[in-house]
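The values are calculated or read from the model by the stated rules, or taken from the named source; none is laboratory data. If you're wondering where the values come from, they're calculated on a predicted model, not measured in any experiment. Quick reminder, even Gly has a Cβ in these numbers, built from the backbone with ideal geometry, and neighbours come from all protein chains shown. Surface areas here come from the heavy atoms of the whole protein model, side chains and all, with no ligands, DNA or RNA. Shrake-Rupley method; radii C 1.70, N 1.55, O 1.52, S 1.80 Å.
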Amino acid sequence: MTNAAVPTRPGKIIAVHVAYESRAAQRGRRPAAPSYFLKATSSLAASGETISRPAGTELLAFEGEVAVVIGTPAHRIPAEAAWDHVSGVTAANDFGLYDLKAPDKGSNVRSKSRDGYTPLGPELIPAAEVDPEALRIRTWVNGSLVQDDGTGPEQLIFPLTRIIADLSQHFTLEPGDVILTGTPSGSSVVVPGDVVEVEVSTASARTGEELSSGRLRTEVVEGPGDFDADLGSTPAVTDDLRIDAWGSAEAAGLPAEGGTDSAAGTALPAELRAKLAEAPTAGLSAQLRARGLNNVVIEGVAPLTPGSRIVGVAKTLRFVPNREDLFTSHGGGYNAQKRAFDSLGEGEVIVIEARGESGSGTLGDVLALRAKALGAAGVVTDGGVRDSAEVAGILPVFATSRNPAVLGRKHVPWESDVAVACGNATVLPGDVIVGDDDGVIVIPRNLAEEVVDAALAKEVEDGWVAEQVAAGNPIEELFPPKGEWKAKFEEWKSAR
């Protein structure tokens, strides 16, 4: 294979969303399979060039990455053969402007494809010299080391060869194509005047000699921020985006709630919480469905007190079916159930996996009192509740039944702060939980702001439609508004 130079205008730039264990742990979400996005080839930049942060924006984040450069065409290749199709590896910086992340809805088109947002190089390390599981990636900001990780099996969730093979299932990888293989923890925000350097290094698999891409150097400068709102979305930030970009609530200058710096463990910002408290679960569910999420309803649960509403961040607790020896070892004393209730944070909702088993209680009045004292937002369980009258007067609880029997009749308290299956819905720690008389839904934290804003906007439209129907108008062309009715609605909305 002939060694190539660092590409200057590849056919494709493909980037992996999350590939490092350290990044997944930082974000509280570990993907089961790799996912990708494309960056414009016009975003490519060389070492020594500057990157522009538009005036008026605040969340330009760096991501030091190993870039894999394809050397020969690859289509439907096995992972074992993937490295034979690689020309070499080099350093890359997958810059992103989080101020534009929300309107991209995961595509990263505007937030990551701006001119100069993919620095690459300066040198290509030949693939023939490289063990793909022995690369080192380091990033410095103003001379301080901020990222230091590798591509070994304990460091990467998805090996480089798997990523190449997976992509080749879907389209042909062509010579010069660049794959950005994800960033480890340590990615954060930079500002004009900062200098970011990234280096990939390894020992030659053939001679043991130290090989390096050289340091990829990029200086941040201030650029124009003249976005035209009449053409499309303009920059906007939320506290969730700040946490995501900076890497933690503490780094973003925000209070760390729930005992962790990750976005998954922080309480909801007051403004977002207020909007979620106003939006009906039916409207939120419809907006999630419009985004392809159909399995977000915790089935079979209802409020102990009709009219109750619950809004908060999930803290999870899992029960397993009772087995006498396991209850002896795990059910007594300061067990997982008591530890979970004792560690609740302000605004959290404890979500209990009880497998839909209603033949015993999963909590009673003492635990409800503890949850209230710690500022919890409520409890959701797909099992029963004992002391139900007292519990109903303490805090919002959604359950499948009321039952006088103690926990040990059916359950062993097993673990907390893990993914659980509650009412046939998967709930992760940090997910947003919203419940009302219609039921309880689960909203991925990164979608909460977008979904609730859309749901509230739809509520306004539906309220106007209801007024027109109540006035005697037929629903054709009115529900939803179309044509003349759509024009009337827009006119009414503008005059509000």
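Can you tell which of Ile179, Trp246, Phe158 lies farthest toward the positive end of the dipole of the range 13-252, using +1 and -1 charges on the Cβ of basic and acidic side chains (Lys, Arg; Asp, Glu)?
The listed residue farthest towards the positive side: Phe158.
Enumerate the lysines that Lys458 could reach by cross-link, defined here as Cα to Cα under 18 Å, with residues fewer than 8 away along the same chain left out.
Lys275, Lys482, Lys486, Lys488, Lys493
Work out the length of the dipole vector of the range 270-449 about its Cα centre, built from +1 on the beta-carbon of each Lys and Arg and -1 on the beta-carbon of each Asp and Glu, and round it to the nearest 20 debye. Numbers along the way, then the final one.
On the way: 18 positive and 21 negative charges, 30 e Å.
In total the dipole reaches around 140 debye.
Considering only protein heavy atoms, what per residue accessible area in square angstrom results for the range 44-158 with a 1.4 angstrom probe?
Heavy-atom accessible area per residue stands at 35 Å².
Name the residues of the range 389-407 whose amide N is less than 19 Å from a point 7 angstrom out from the Cα of Glu299 along the C-beta direction?
398-401, by backbone N distance to the label point.
Using θ = phi - 60° and the Karplus curve 6.51 cos²θ - 1.76 cosθ + 1.60, what whole-Hz ³J(HN,Hα) does each residue of the range 308-314 get, with Gly and Pro shown as x?
Result, rounded to whole Hz: 5, 9, 9, 9, x, 9, 6.
Hey, what did the chain get for relative contact order, percent, Cα under 8 Å, at least 6 apart?
Numbers: 1198 pairs, mean separation 72.3, N = 496.
Relative contact order comes out at 15 percent.
May I ask which residue of Leu231, Ala19, Ser494 lies farthest towards the positive end of the charge dipole of the chain, with charges of +1 (Lys, Arg) and -1 (Asp, Glu) on Cβ and the Cα centre as origin?
Checking the options against the dipole of the chain, the answer is Ala19.
Binning at 5 Å from 0, report for the range 13-252 what percent of all alpha-carbon pair distances ends up in each bin.
1, 7, 14, 19, 21, 17, 11, 6, 3, 1, 0, 0
Using only the Cα atoms of the range 13-118, what are the Rg and Dmax in Å?
15.2, 48
What trypsin sites (Lys or Arg not before Pro) does the range 411-485 have in DSSP loop regions with at most 14 other beta carbons within 10 Å? Don't skip to the end; give the middle numbers.
Values: sites: Arg445, Lys458, Lys482; in loops: Lys482.
Taking the range 411-485 and a limit of 14 other Cβ atoms within 10 Å, the loop trypsin sites (Lys or Arg not before Pro) found are Lys482.
Please report, to two decimal places, log10 I(q)/I(0) for the range 270-449 at q = 0.15 Å⁻¹ as given by the Debye formula with identical point scatterers on the Cα atoms and no solvent.
Result of the Debye calculation: -0.77.
Using a simple charge model, +1 on the beta-carbon of Lys and Arg, -1 on the beta-carbon of Asp and Glu, nothing else, what dipole does the range 178-251 show about its Cα centre, in debye to the nearest 20? Each step should come with its number before you reach the end.
On the way: 4 positive and 14 negative charges, 90 e Å.
Computed charge dipole of the range 178-251: roughly 440 debye.
What nm value, rounded to one decimal, do you get for the distance between Arg355 and Glu271 when each label is placed 7 Å out toward the C-beta?
4.5
List, in order, the whole-Hz ³J(HN,Hα) value for each residue of the range 9-21 obtained from phi through the Karplus relation with A = 6.51, B = -1.76, C = 1.60 and θ = phi - 60°; use x for Gly and Pro.
Per-residue couplings from phi come out as 8, x, x, 9, 10, 10, 10, 8, 5, 9, 10, 9, 4 Hz.
Which is the longest part of the chain that has none of the GluC sites (Glu not before Pro) sitting in a DSSP loop with at most 11 other Cβ atoms within 10 Å?
Values: sites that count: Glu154, Glu209, Glu476.
Longest stretch, sites excluded: 210-475.
Apply the Karplus parameterisation 6.51 cos²θ - 1.76 cosθ + 1.60, with θ equal to phi minus 60°, to every residue of the range 480-496 and state each ³J(HN,Hα) to the nearest whole Hz, in sequence, with x for glycine and proline.
Using θ = phi - 60°, the values come out as x, x, 9, x, 4, 5, 4, 5, 5, 5, 5, 5, 5, 5, 5, 7, 5 Hz.
Using 0.36 nm per residue, how much length does the chain from Glu491 to Ala405 gain when fully extended, once their Cα-Cα distance is taken away? Walk me through the intermediate numbers first.
Numbers: separation 86, 0.36 × 86 = 30.96 nm, distance 5.87 nm.
Net length gain for the segment: 25.1 nm.
For Lys372 and Ala466 in the same chain, what is the full-extension length gain: residue separation times 0.36 nm, less their Cα-Cα distance, in nm? Walk me through the numbers before you get to the answer.
Working: separation 94, 0.36 × 94 = 33.84 nm, distance 3.84 nm.
Between Lys372 and Ala466, full extension yields an extra 30.0 nm.
Can you give the translational diffusion coefficient of the range 131-233 in µm²/s, computed by Stokes-Einstein from the Kirkwood radius over Cα pairs at 10 °C and 1.306 mPa s?
Numbers: Rh = 16.6 Å.
Reported coefficient: 96 µm²/s.
Filter the trypsin sites (Lys or Arg not before Pro) in the range 134-220 to those in DSSP coil with at most 13 other Cβ atoms within 10 Å of their Cβ, and list the result.
Details: sites: Arg136, Arg138, Arg162, Arg206, Arg215, Arg217; in loops: Arg206, Arg215.
Passing sites in the range 134-220 are Arg206.
Could you give the length gained on full extension between Val237 and Asn142, defined as 0.36 nm per residue of separation minus the Cα-Cα distance, in nm? Each step should come with its number before you reach the end.
Numbers: separation 95, 0.36 × 95 = 34.20 nm, distance 2.54 nm.
Net length gain for the segment: 31.7 nm.
Can you tell me the dipole magnitude for the chain around its Cα centre, using point charges on the Cβ only (Lys, Arg +1; Asp, Glu -1), in Debye to the nearest 20?
On the way: 45 positive and 69 negative charges, 193 e Å.
The dipole magnitude comes to about 920 debye.
List the trypsin sites (Lys or Arg not before Pro) within the range 89-124 that fall in a DSSP loop (any state other than H, G, I, E or B) and whose Cβ has at most 13 other Cβ atoms within 10 Å. Each step should come with its number before you reach the end.
On the way: sites: Lys101, Lys105, Arg110, Lys112, Arg114; in loops: Lys105, Arg114.
Qualifying residues, ordered by number: Lys105.
Bins of 5 Å, beginning at zero and ending with the bin holding the largest distance: percent of Cα pairs per bin for the range 15-75, please.
Using 5 Å bins, I get a P(r) of 3, 10, 16, 22, 20, 16, 10, 2, 1 for the range 15-75.
Which distance in Å, rounded to a whole number, links the C-alpha centroids of the range 20-53 and the range 390-458?
32
Which distance in Å, rounded to a whole number, links the C-alpha centroids of the range 80-132 and the range 158-227?
If we compute the Cα centre of each part, the gap is 5 Å.
Name the residues of the range 99-131 whose amide N is less than 12 Å from a point 7 angstrom out from the Cα of Arg291 along the C-beta direction?
Once the point is set 7 Å along Cα→Cβ of Arg291, 102-107 turn out to lie under 12 Å by backbone N, inside the range 99-131.
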